[in-house]
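Everything below concerns the one structure shown next.
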Amino acid sequence: MAGEVTAAQLETWLRRSADVLAAHAEELTALDSAIGDADHGTNMARGFAAVVAKLDAAPADESPTLQALLKSVGMTLISKVGGASGSLYGTLFLDMGKAAPAANEVDADGFASIVAAGVAGIVGRGHAELGDKTMIDALDPAVAALQDAAASGAAPAAAAAGAAEAAAAGRDATEPLVARKGRASYLGERSAGHIDPGAASSALLLQTLADTLADDGGAGA
């Protein structure tokens with residue numbers, strides 16, 4: 001077997017993501033100040049701090065399923081994060097939760113399907129496409145890399161590493177683009193020359209996932 005992704009690993013990922021987003025909050029807000037509302041870093045840090053608070057409040061002897069964990073994250077982000085970030089990231093996790101099993105672990109192929117469902121939820125809500133200069137420019141190639149790696153029999157840690165690399169490349173590719181969706185689209189040609197903040201935060205989350213699975217013994221590799 002190529003290994004499993006467990007609910008415990010995802011909880012570790014969420015906690016580490018909160019630290020990473022807090023550390024990069026000023027950077028994300030600086031990106032957003034150029035083409036958005038100048039609040040992306042603050043919103044993401046606040047949202048994931050609320051996720052960690054929710055995790056801390058859960059009974060110590062309680063072991064949530066993948067489905068319950070992801071849905072809880074989605075609902076927390078929607079309720080605690082303002083603007084488009086809360087809606088879109090909340091949708092990501094809610095739809096991941098809907099696609100996840102009521103179990104404590106899933107194989108690499110199943111996890112790729114869960115992430116793909118979450119990203120499809122974002123597309124359905126925001127109607128963004130690849131090249132629109134949004135978080136989809138990082139997430140779409142990440143999903144493709146994750147699915148391809150899982151289909152080839154890669155362990156979750158290796159699949160996540162490929163997804164993180166694809167997300168980083170997608171993030172960087174947003175810099176020369178003219179935004180066609182979101183607040184940045186109001187700037188027209190002036191939106192070119194700036195990395196999209198949503199793509200940047202998505203890439204941070206995927207890199208943290210890859211690091212978490214790698215640090216956990218390769219997640220069954």
**Prompt:** So, in region 89-104, of the ones that are surrounded by 15 or more Cβ atoms within 10 Å (Cβ to Cβ) and of a type in the set (A, V, I, L, M), which residue ends up nearest to ARG125 (Cα to Cα)?
**Reply:** LEU92
**Request:** Please find, among GLY36, GLY83, the residue that is more than 15 Å from the chain's Cα centre (by Cα), at positive phi and modelled with pLDDT under 95.
**Result:** GLY83
**Complete:** In the set ALA84, ALA102, the lone residue that is of a type in the set (Gly, Ala, Ser) and not in a helix (DSSP H, G or I) is ALA102
**Complete:** ALA38 fails exactly one of (1) open to solvent by less than 50 Å² (accessible area, probe 1.4 Å); (2) within 30 Å of HIS194 (Cβ to Cβ); (3) in contact (Cβ under 8 Å) with a residue 12 or more places away in the chain, namely (3)
**Prompt:** For region 119-143, how many residues are among the small types (Gly, Ala, Ser) and within 22 Å of ILE195 (Cβ to Cβ)?
**Reply:** 5
**Request:** Kindly establish whether ASP32 is touching a helix residue (DSSP H, G or I) at 6+ places or on another chain (Cβ under 7 Å), charged (D, E, K, R) and open to solvent by less than 50 Å² (accessible area, probe 1.4 Å).
**Result:** yes
**Residue that is crowded, with 19+ Cβ neighbours inside 10 Å and among the acidic types (Asp, Glu), where the choices are GLU62, GLU11, GLU27** = GLU11
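The values are calculated or read from the model by the stated rules, or taken from the named source; none is laboratory data. In this text the structure is predicted, and so the values were computed from the model without any measurement. Heads up, the Cβs are rebuilt from the backbone with ideal geometry, glycines too, and the neighbour counts pull from every protein chain shown. Heavy atoms of the whole protein, side chains included, go into the accessibility calculation; ligands, DNA and RNA do not. Shrake-Rupley method; radii C 1.70, N 1.55, O 1.52, S 1.80 Å.
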